[in-house]
Every structure is written in C-alpha cells, then in structure tokens.
1. Using the crude model of +1 on Lys and Arg Cβ and -1 on Asp and Glu Cβ, and no other charge, please compute the dipole size for segment 24-335 relative to its Cα centre, in debye to 20.
2. Just to be sure I understand: with springs between alpha-carbon atoms less than 10 Å apart, which residue in G133, G307, G272 has the highest mean-square fluctuation in the Gaussian network model of the chain?
3. Using 0.36 nm per residue, how much length does the chain from S74 to W338 gain when fully extended, once their Cα-Cα distance is taken away?
4. What does a probe at K326 reach in segment 37-64, counting residues whose amide N is under 20 Å from the point 7 Å along Cα→Cβ?
5. Normalised by the empirical 2.2 N^0.38 Å for globular proteins, what value does the Cα Rg of segment 126-260 take?
6. Å³ per residue of the Cα convex hull, for the chain?
7. Would you list the P(r) distribution for segment 113-181, with all Cα-Cα distances sorted into 10 Å bins from 0 and each bin expressed as a whole %?
8. Which order do the peptides 233-242, 311-320 take when ranked by the mean count of other beta-carbon atoms within 10 Å per residue, highest first?
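Laboratory data are not the source of any read-out in this text; all were calculated from the coordinates shown. Keep in mind that what you see is a predicted model, and the values were worked out from it rather than measured. Backbone-built Cβ (ideal geometry, glycine too); neighbour counts: all protein chains shown.
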Amino acid sequence: MKPYVLPLLLALISSLSLQAQQPEVVSVQKIWDKGGHNAFTDLVRFRNLFFCCFRETAEAVGGDGAIRIMISSSGDNWVNYTTISEPGVDLRDPKLEVTPDGKQLYLLCGGSIYGGAKELKGRQPRYSKTTDGKVWTPPQKLLAQGDSLWRCTVNPADKKFYGVAFNTYPTTGGPKDEPEWSLKSYTSNDGSVWQLSSIMQVPNRPNETTLRFLKDGSALALVRRDAGDKRGYIGTAAAPYREWKWTPLSTVVQGQNFIELPDGSLVAGSRGLGKTPGAHMVLFKMTPTALEPVLELPSGGDCSYPGLCWHEGHLYVSYYSSHEGKTGIYIAKVKLPWVISK
C-alpha cells in the first residue's frame, strides 16, 4: 500500500462515520395554513394520538386569536378536530401537557386584550382541560394581570405542574413595558392554582422559558432574553428547585423548546441562525451548559415555536414558518442516529 493511501482511507472512514451520525429529515408536511396567521405550535401524544395545537387569527398581533387543535394517529394524516376561543381575547402561545394521572389533556395559553391600533391593554394566562380532546372546559384565568406563564411541565418525581412566568411591567402594573422584566417559577398540584416556587435572577428582559425535569431529578430551564446581547441562558437546579445556576449561551433562542430522549440526550428547537442566511427553524444538540446546531428544517422568516415529541424511534417536530409565502403549520419527522432507544 502506498504511504498516502492509508491516511486517505482513514479520512474517508471518519467522514462516513460523521455523516452517519448526522440527523436526517425523513419527511415534512404542511398540515394547515387556512388562517390569516397560523403560528405558535405544540405537540404531544395523548390517548394514542398526536395532538397539535396552534394559534390562528388574522394577524401576528391583535384580534381574537383562537387555538386550533388537530389530531393524527400516525403523524402522517391530520384531522382538524376543534377550536378553543374566548370572545374579545387573543389566546396566544398554546402549550399542551398530559396530566399526571394520564386521564386529561391540559392546555395553557396567554390571553391578551387590545385597544385600538393593536394597543395592548392587558394580559393574563388561561388554562383549559379535556378528557377526550374534543370538548374543552372554558378558558379560566391564572396568576395575575401582566403575568405570562409561557409553558408548563409535569415533574415525574412529585406529580406536580411546574412553569415559568415572565412579567414585562413587574413594578408598575403596566401597560407599558419596563426596562427590566421579572422571571419566576411556579408550581401547582392540578394546574388551576399556582404558587411561587423561585425568583429566577436572569438579566436583560428574560421572557419565554421552557422548564423540564431530567431523569436524574434535576431541573433544566432554557430562557429567551430580549435585551443586552439577547443570547439565551440555561439554568440548572436540584430539588426543591429554588436555587438556580445560570450559563450564558453563544446563541439567541426564540420560541424555544427541548426534550430529553430515551437515551438521556437532549435536543432543543428554536428560531435561530442555521447554515443559510436569515432566521430558520433549527434543531440543536443540547447539554446543561450549551447548544450546538445540528439541523435546519425547511423554514424561513416568521417561523419556529416548535412542539417536540419522541415516538417510535423518531423525533416529531411541529412548527410554523412563512418560507412558502404565508405562515403555515408544519410537521417534520426526524431521525437522530445517535439516539439509542431503551
């Protein structure tokens, strides 16, 4: 064998091995674009079905936003199932969580009220529940005026709901945003009454936050920031989840979500900068201190806010995007070769 052949073979083997570990988009489909603006998704499995929720209204801001629910058994064919609305209120940022007993589906969303010219008059979180996914209880208010409880999750250890709320006018009561915003975690036994759990010391207008509990019992929070360098923060905490350690990230996150996979690895999704110019729906390998972009889904412009669901060896991602001319709701099926299902 000539002396230069072995290094070339080794380089080729290394390249092929690296390619084999790259995530792969198995399929992407648009499931809805009938509203004027279709955005802010979430995705769960409940009663052996996929449930995808999103906000639908005439424009991105203002109006009476309704929450549309679509279902699918396999993730391939989707059925328009029902809508949730409240007269005179813009229901925004819907998130879904299965209750600890597995018998109900819980929906959390924001409720914004506007005056003329899209002037925000007030906001307060809402929740609704269902046993079958078709008939939902009327939206009920949570926390206080001005709070935005953006996402909630159930802690498997104590069977309680946890979530993080931000407030853009924490001292004045609004309606104008203040220079600095508050970020607080809350907990609830059943999702109806919430109690303060911790004050999260994150600077520069922290807001949208996804909180999850890992298999080792620790809590992990991924936070968006809208001032300063605007780069995201990751926080970690041990039970009882009142003391947080924060790590600044090297990237901006917006509408972010993340999930712990069967092998213990973490994957996040966010509006971010991928390999091509502009904003895209990007998936990241995640650790408790860092994000590494690994896959850009077909997307662009006004986009992101993913739901993430692991099912039968694949990651299913709901998201919205405007890369085809108007905002539509998309479902991607992604293969992650490094994940070893257990």
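1. 200 debye
2. G133
3. My answer for the length gained is 92.7 nm.
4. So the set is 37-41, 53-64.
5. Cα Rg divided by the expected 2.2 N^0.38 Å: 1.06.
6. That works out to 157 Å³ per residue.
7. Binned Cα distances yield the sequence 17, 37, 31, 13, 1.
8. 311-320, 233-242
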